[in-house]
Amino acid sequence: MSWLTNYVRPKIRALVQRDDVPDNLWQQCPACEQMIFHRELEAALNVCTHCGHHMRLPALKRLEVLFDDGNYDRIELPKVTADPLRFRDRKRYGDRLKESRAATGNDDALIVAFGKMGGRGTVVAAFDFRFMGGSMGMAVGRGLIAAARHAVLKNAPLIAIPASGGARMQEGILSLMQMPRTVLAVDEVREAGLPFIVVLTDPTTGGVTASFAMLGDIALAEPGAVIGFAGARVIQETIREKLPQGFQRAEYLRDHGMVDRVVHRHQIRDELIRLNDLLMNPRAGKNVVPLGESGKRRKSGKPAVAEADEQDRNEERPAAE
């Protein structure tokens, strides 16, 4: 019996079993707690196939989905001082930067790309939440300015996709200075008459929300995304009142006028293409009726406004018996 147990059985197991099976083939949805096969989840763009919960999507994957055929060129961003304040908490800030760069392959939390979207050249500035929570430091501020100027240079719309915990505390006041700088970047795009669209993803909080993220000509959001400045717990403890259900979620902000539309991740590309076409191709003057005394006179010899007023008076006058 020992011969069968010690020799034959291990040989059979070695033939039919694999020891190199990875342990990340399945992922659990944080909302409904269902297990999803990794290939199925990747095909669904990290959207739960059971409940529709939108999980976080890596920035590079998002860019691949948005641009035509997944083709785009990354824009080189300005270099900044790595650790201007020599900051240290539990770790040195310089060490945290090295770890994030090794884990993500990016220099910082912002990726700026240019490519065709629906056949139209478009600049996209996307945040990578894996890089220190997508926090905004000097590199992100200068990166957004570079994105705005590239959009002006290419006469292209600018789309920002924030996913951030706010300003980067390791850079102190220097990170807070990026808030007005990003506002100036948005102003450069607007002065050139170009669209600035924001796609709010989970999470968009802190100084990012308090600056460029809420300045879009049109603000879209993914379903269920957390959007706000301070955390819900901090607000509740400050005002000493129970917050409404769904507070700081995308749907709540839409219902209260801070977000224009909540769009499913699978439909965002088509929505952005449609919005770019509407904003870049205004049809001003096509079917406009001239108003005022300076306008052209109709066959009646009266200005359009006067003719319309007379028509309204006739409609309000009671019919003759």
Subject >> Packing-based exposure ordering (other Cβ within 10 Å, fewest first) of 279, 57, 110 >> reply: 279, 57, 110
Original post:
Where the Cα atoms of region 27-76 are projected onto their three principal axes, how long is each span, largest first, in whole Å?
Top reply: 39, 19, 15
Original post:
Counting Lys +1, Arg +1, Asp -1, Glu -1, what net charge surrounds residue 80 among other residues with beta carbon under 14 Å of its beta carbon?
Top reply: 0
Subject >> Where labels lie 7 Å past Cα in the beta-carbon direction, separation of residue 87 and residue 103 in nm >> reply: 1.6 nm
Subject >> Cα-centre dipole for region 57-280 with unit charges at Cβ (Lys and Arg positive, Asp and Glu negative), debye to 20 >> reply: 660 debye
Subject >> Long-range HN-HN contacts of residue 34 with modeled amide H, under 5 Å >> reply: 29
**OP:** For a footprinting-style exposure proxy, rank 56, 101 by other Cβ within 10 Å, fewest first.
**Re:** 101, 56
Original post:
Percent of alpha carbon pairs in region 48-178 separated by more than 20 Å?
Top reply: 47 percent
**OP:** Report the full-extension gain for the segment residue 183 to residue 245: residue separation times 0.36 nm, less the Cα-Cα distance, to one decimal in nm.
**Re:** 19.2 nm
Subject >> q = 0.13, 0.32 Å⁻¹, region 98-145: log10 I(q)/I(0) [Debye, one scatterer per Cα] >> reply: -0.33, -1.15
Subject >> Long-range amide H partners of residue 136 with built H, under 5 Å >> reply: 166, 167, 168
**OP:** Give the residue from 192, 225, 258 lying farthest towards the positive end of the charge dipole for region 57-280; charges sit on Cβ (+1 for Lys and Arg, -1 for Asp and Glu) and the dipole is referred to the Cα centre.
**Re:** 225
**OP:** Quick one, can you get me the convex hull of the C-alpha atoms of region 57-280 expressed as volume per residue in Å³?
**Re:** 123 Å³
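No value in this document is a laboratory result; all are computed from the given coordinates. In this text, all values refer to a predicted model and were calculated from it rather than measured experimentally. Here the Cβ is made from the backbone with ideal geometry for all residues, glycine too, and neighbour counts use every protein chain on show.
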